[in-house]
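Data first, discussion second: the structure below is written as structure tokens.
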Amino acid sequence: MGGHFSTFSLDENGDWNNLTKQKNSSADISPTAGQMPRLLGLAQASKIYRNVEGIDTTKFSVEGNEIAWGTIGNASTSEGLFFETINAAGVLQVPMVISVWDDEYGISVHAKYQTTKENISEILSGFQREKNSKGYEILRVKGWDYVALMETYQEAAKIARAEHVPVLIHVNELTQPQGHSTSWFTRTV
Ligand SMILES: Cc1ncc(C[n+]2csc(CCOP(=O)(O)OP(=O)(O)O)c2C)c(N)n1
Ligand SMILES: [Mg+2]
């Protein structure tokens, strides 16, 4: 879809930009959840740059300190690509921060028709890391609580960047200001 935003990785001559000096956004794609495997790959890149000895990080990484941020709507978490990616990132322990924006709906279909218990972070709670087992840090925050959102995202960044642990942020109590067909041009579909 032509309206999807992305940043340039190459300069006008086709050479790599210094990606460590810019914020990087990979182009979104229309099938919801289609961004998930790519998000995993971007996160894994940081891990490789941090851990593979002798690898040339020039223009791509500063000691694997990069985080891959991704977002997905609540209804789209029903797709297979979402579950596969969540599991793989937990296994690989990569710096992936995935936000689930939960307005309780997928277009006009309520969560009770598509998400067990109507609560994605509750059903994924088994992925939570514990003292002796690796997993995720799962954070929950209300979409209207601006201060809590800032704190939550800073905490998520710290965990992912320092420890290379994946983080799931479940943002709920969101509204849908307009109907799907009036708002879809400006967002990922
Ligand atoms: C694989 C796929 N199936 C169906 C659609 C059509 N579609 C676009 S948005 C959407 C609902 C998404 O709901 P949700 O993930 O909760 O995001 P929200 O719009 O509520 O933020 C659907 C079914 C699509 N884009 N891709
Ligand atoms: Mg939704």
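Every number in this text was worked out from the coordinates using simple rules, so none of it is lab data. From a predicted model like this one, the values you see are computed outputs, not experimental measurements. Don't worry about glycine lacking a Cβ; one is built from the backbone with ideal geometry, like all the others, and counts go over all protein chains shown.
Structural remarks
- Filtered residues of the stretch 69-98 (kept if away from ligand 2 (no atom under 16 Å from the Cβ) and either among the charged types (D, E, K, R) or on the phi > 0 side of the Ramachandran plot (or both)): 84, 93
- Residues of the stretch 24-45 that turn out to be more than 12 Å from the chain's Cα centre (by Cα) and among the hydrophobic types (A, V, I, L, M, F, W, C), as a count: 3
- Taking the listed residues 46, 61, 76, the one that is touching a residue at least 12 places away in the same chain (Cβ under 8 Å) and within 14 Å of ligand 1 (Cβ to nearest atom) is 76, with no other qualifying.
- Applying the condition of being aliphatic (A, V, I, L, M) and away from ligand 2 (no atom under 15 Å from the Cβ) to the stretch 99-132 and asking which residue is nearest to the chain's Cα centre (by Cα) yields 124.
- Being in contact (Cβ under 8 Å) with a residue 24 or more places away in the chain and surrounded by fewer than 18 Cβ atoms within 10 Å (Cβ to Cβ) holds for only one residue in 51, 17, and it is 17.
- Among the numbered conditions (1) at positive phi; (2) surrounded by 12 or more Cβ atoms within 10 Å (Cβ to Cβ); (3) without any contact (Cβ under 8 Å) to a residue 24 or more places away in the chain, the only one that residue 33 does not meet is (3).
- Of all residues in the stretch 51-77, those being in a helix (DSSP H, G or I) and under 24 Å from residue 153 (Cα atoms) number 3.
- Against the list (1) assigned to a loop (DSSP other than H, G, I, E, B); (2) within 19 Å of the chain's Cα centre (by Cα), the condition residue 48 fails is (1).
- Residue match in the stretch 120-142 (condition: more than 28 Å from residue 51 (Cβ to Cβ), crowded, with 16+ Cβ neighbours inside 10 Å and touching a Leu at 6+ places or on another chain (Cβ under 6 Å)): yes
- Any hit, the stretch 151-160, residues being within 14 Å of ligand 1 (Cβ to nearest atom), surrounded by 14 or more Cβ atoms within 10 Å (Cβ to Cβ) and under 26 Å from residue 30 (Cα atoms): no
- Any chance residue 158 is more than 16 Å from ligand 2 (Cβ to nearest atom), part of a helix (DSSP H, G or I) and without any contact (Cβ under 8 Å) to a residue 12 or more places away in the chain: yes
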